[in-house]
Each structure stands twice: as structure tokens, then as C-alpha cells.
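Report on the following structure.
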Amino acid sequence: MTETNLLQGPIHAVHVELGATFAPFGGWEMPVSYAGTVAEHLAVRETVGLFDVSHLGKATVRGAGAKDFVNAALTNDLDRIRPGKAQYTLCCAADGGVIDDLIAYYVGDDEIFLVPNAANTAAVVAELEKVAPAGVTVTDEHREYAVFAVQGPKSAEVLSALGLPTDLEYMAYADAEWDGRPVRVCRTGYTGEHGYELLPRWADAAELFRALTERVRAAGGQPAGLGARDTLRTEMGYPLHGHELSLEISPVQARAGWAVGWKKPEFWGREALAREKADGPRRGLLGLKALDRGVLRQGQSVLRDGEPVGETTSGTFSPSLKVGIALALLDTDAGLAPGDEVEVDVRGRRLRCEVVKPPFVQARTA
């Protein structure tokens with residue numbers, strides 16, 4: 001998809017009204033920032049921020065045995081949770097590579113709602129459709145629902161002001177109403193802060209976003225764009241598909257084995273992943289914190305004693321720590337551990353960095 005035919009979400013006009021700058025992401029034209037990435041980042045950490053992430057995919061698996069079917073396909077174990085809860089999981093290929101990471105909402109034994117990444121929604125739906133048993137349907141609902149994220153210490157205050165439920169366990173959801181219109185509210189997020197994700201109908205999105213914006217600003221926060229979303233998730237060490245997870249980067253290498261139901265008898269890629277786990281991965285994901293001034297980016301070589309030992313997968317300036325940070329896949333044979341020092345080749349300049357175990361800042365999701 002070229003930049004001339006990018007898809008737009010249901011509230012693009014609202015973003016224009018708010019003065020957003022835009023950039024392409026996953027085939028969609030996305031708001032990057034409104035008041036500036038650093039200000040938006042700090043608003044989320046200190047008060048509250050509001051994101052439009054309606055580009056995220058949506059799909060529903062329905063029919064008798066839908067839960068068991070999804071559970072036999074995706075890595076995490078739906079039997080660990082119950083209806084009314086959501087779960088981070090992975091859709092893997094037979095060789096253990098990651099087609100996508102996504103959130104599965106356990107609606108009931110006969111209905112699972114999925115939120116994949118924008119660019120991978122069609123692939124996830126296609127893979128499930130290929131092997132869906134008789135009586136189970138997989139429906140792409142990408143443009144049926146919007147997705148808004150209200151994140152930060154004052155997120156509950158914002159939702160309460162609109163009459164929406166807030167007393168939810170982490171990764172639990174409730175189907176509610178706002179102004180007589182249905183909206184699903186889930187205690188999830190991608191920032192490391194206490195927060196919620198809201199799924200209204202596509203047609204209802206603009207009015208809800210305007211109401212949320214008013215309440216967020218009244219609480220001292222502000223709308224936030226893709227730039228702050230990326231700096232926030234990098235500080236937490238959260239993976240982004242195409243960076244820390246991909247068809248070439250398995251969950252074992254990405255240290256996402258916690259999202260794999262190893263005791264399940266079946267899921268896509270199980271044999272390959274179990275073998276890699278038993279043998280030990282050839283590389284593993286760790287964090288890097290700059291000791292010198294400089295900003296780290298994706299695709300930079302990591303060196304130890306002048307020899308390559310890995311590559312950065314994401315990099316940014318941390319507004320919270322005021323230093324450059326990165327996530328990197330480091331060779332297991334190098335024996336690197338938190339506290340070790342390496343160098344990163346930043347356009348020919350050697351930038352000293354400390355190896356750390358993410359997150360870079362403390363999570364406050366509880």
C-alpha cells in the first residue's frame with residue numbers, strides 16, 4: 001500500500017481538527033502527535049493520555065467449539081482465563097515464526113473476539129479460516145469497531161466521568177453503554193500504565209472520542225499519537241511486530257515464552273518452539289541504555305570488543321529517563337547479561353551502552 005492510498009480510521013477528521021501530524025503505519029494514515037511526542041508521553045506517565053488505535057484489526061470466531069478451536073491454534077492457553085477476560089497471545093507459523101501477536105477476548109465457549117495488528121489482520125483471519133471446523137466462522141470486522149486507549153494514573157477518573165466501568169481486574173473487560181450506545185471496556189493497554197481500551201462501534205467513534213478528549217484535558221492530560229505510543233511501549237520492553245517479533249523472530253527469542261501454553265497438547269508451531277526452548281535460542285531479547293549521548297534506532301549493530309554480537313530491534317530517546325534506549329537481539333554465545341557494557345554503531349560512531357533487562361521503567365498496570 002502506497003502513501004497515496006492509505007486507509008483512514010473513523011475519526012480522521014477529528015484528528016485534523018486537533019492539529020495532528022500524520023504518518024503511514026501498517027497501511028493506515030496515523031496521527032503521530034498533536035502537542036509533541038515528549039509532552040504526550042509524559043502526560044501518560046503523569047496524568048492521562050488518549051490514543052486512537054482504530055487501525056488495529058478486529059475479528060470474531062463464532063460457533064460451537066470456537067474457544068477450543070482458537071485454543072488449538074494460538075499459543076497462549078485460553079483455559080487459564082474465563083469469559084469476561086482477555087489474553088495476550090501469538091499466532092505462529094509451523095516453524096515457530098510469529099505471524100502476529102494479538103489480544104483474544106474470551107466472550108464465551110462459542111465466541112472469541114480477536115484484536116490483531118493492522119497489517120496482519122487479513123493473514124490471521126486467512127490462517128484461521130483455512131482450518132476452521134464445520135460450524136465455526138471467522139469474520140473480519142476491521143471496520144466494525146474503533147479502538148481508543150485511555151492510559152495513565154487518571155484514566156479511571158476519565159472513564160468514570162462518562163459513566164463507564166472502571167472497577168475491572170487487569171485484562172478483564174465489560175460490555176457497557178455510553179450515551180445509549182454499546183462500548184466494550186477492557187483493562188488493557190500498551191504503555192505500562194493503569195489504563196483501559198474502549199471498543200465502540202465504528203459509526204459511534206467520533207462522538208465518543210470528542211467526549212473523551214474533553215474529559216482527558218479536564219484531568220490535565222491530552223490526546224497522544226503514534227510517537228508517544230512507541231516511546232511508551234519501548235520503555236516497557238513491549239514487543240512490536242516487525243521489530244521484536246516476526247516470521248524470523250520466535251517468541252522464545254523474544255523472551256515471550258510466558259505467552260505460550262507449553263502444557264497444551266496443540267497450537268501452531270508447538271513442535272518447533274518446544275525444540276527451540278529445549279535446545280536454547282541462538283539469540284535473546286534484552287535492553288540497552290545509552291551511557292553516552294545519542295539516540296538509538298532499529299537495525300544498528302551491537303558490538304563487544306569490536307565484534308558484532310547482535311542488532312537493535314527498536315530504539316528511541318526515553319522521555320522518562322532522558323537517555324537513549326533500545327531493545328536488541330543479542331547472540332546467546334556472547335554470554336551478555338544485565339550490567340555488561342557494549343557499543344552500538346550509530347552511523348559510524350561507537351555509542352557505549354549498558355545491557356539491562358526490560359522494563360526500563362516500573363510497570364504500573366495493576
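In a DSSP loop and with at most 10 other Cβ atoms within 10 Å, the GluC sites (Glu not before Pro) in the stretch 123-178 are E169.
Measuring only protein heavy atoms, the 1.4 Å probe finds S246 accessible over about 20 Å². When all alpha carbon pairs of the stretch 68-212 are counted in 5 Å bins from zero, the resulting P(r) reads 2, 9, 18, 21, 20, 15, 9, 5, 2, 0 %.
For the stretch 214-312, give the magnitude of the charge dipole about the Cα centre (Cβ charges: +1 Lys/Arg, -1 Asp/Glu; no others), in debye to the nearest 20.
On the way: 16 positive and 13 negative charges, 72 e Å.
I would put it at about 340 debye.
Cross-link pairs exceeding 27 Å in C-alpha to C-alpha distance, out of K58/K322; K277/K357; K58/K85; K85/K154, comprise K58/K322. A Förster distance of 51 Å, applied to the separation of the beta-carbon atoms of R347 and A134, puts the FRET efficiency at 0.35. Applying the Karplus relation 6.51 cos²θ - 1.76 cosθ + 1.60 with θ = phi - 60° to the stretch 80-88 yields 3J(HN,Hα) values of 6, 10, 9, x, x, 10, 10, 8, 6 Hz, where x marks Gly and Pro.
Taking amide H atoms as placed 1.01 Å from N in the peptide plane, the amide H of N76 lies under 5 Å from those of L90, G261, each 5 or more residues away in sequence or on another chain. Put D79, D230 in order of accessible area, highest first, and with a 1.4 Å probe you get D79, D230. Taking every protein chain into account, the 1.4 Å probe leaves R210 with about 110 Å² of accessible area, to the nearest ten.
Quarter the surface of the alpha carbon convex hull of the stretch 250-366 and you get the mean projected area, 8.6 square nanometres.
Think of the chain as having a plus end and a minus end, set by charges on the Cβ of Lys, Arg, Asp and Glu; of I11, M30, T312, T312 sits farthest toward the positive end of this dipole. Each residue was assigned an accessible area with a 1.4 Å probe, and for F25 the value is about 80 Å².
Can you tell me which of 256-265, 186-195 comes out highest on packing, and rank the rest after it, using the mean Cβ neighbours within 10 Å? The partial results should precede the final answer.
Numbers: 256-265: 15.3, 186-195: 23.6.
Highest mean packing first, the order is 186-195, 256-265.
May I ask for the percentage of alpha-carbon pairs in the chain that lie more than 39 Å from each other?
On the way: 9505 of 66795 pairs.
Every Cα pair in the chain considered, those over 39 Å come to 14 percent.
Annotation: amide H of R255 within the under-5 Å range of L285, sequence separation 5 or more or interchain, hydrogens built in the peptide plane. With a 1.4 Å probe and all protein chains left in place, how much of the accessible area of the chain comes from carbon and sulfur atoms, in whole percent? It is 49 percent, rounded to a whole number.
Modelled this way, with points 7 Å down the Cα-to-C-beta line, the labels at A161 and R82 are 3.4 nm from one another. Computed from backbone phi with θ = phi - 60° and the Karplus coefficients 6.51, -1.76 and 1.60, the 3J(HN,Hα) list for the stretch 323-338 is 9, x, 9, 7, 9, 8, 8, 10, 4, 4, 4, 6, x, 6, 9, x Hz; x is used for glycine and proline.
Using the alpha-carbon positions of the stretch 1-160, Rg (one decimal) and Dmax (whole number) come out as 17.5, 51 Å. Ordered from highest to lowest accessible area with the whole protein assembly present and a 1.4 Å probe, K130, K67, K289 read as K130, K289, K67.
The values are calculated or read from the model by the stated rules, or taken from the named source; none is laboratory data. Computed from a predicted structure; not experimentally measured. All Cβ positions, even for glycine, are placed from backbone atoms using ideal geometry, and neighbour counts span all protein chains on display. All accessible areas refer to the heavy atoms of the entire protein, side chains included, with ligands and DNA or RNA removed. Shrake-Rupley method; radii C 1.70, N 1.55, O 1.52, S 1.80 Å.
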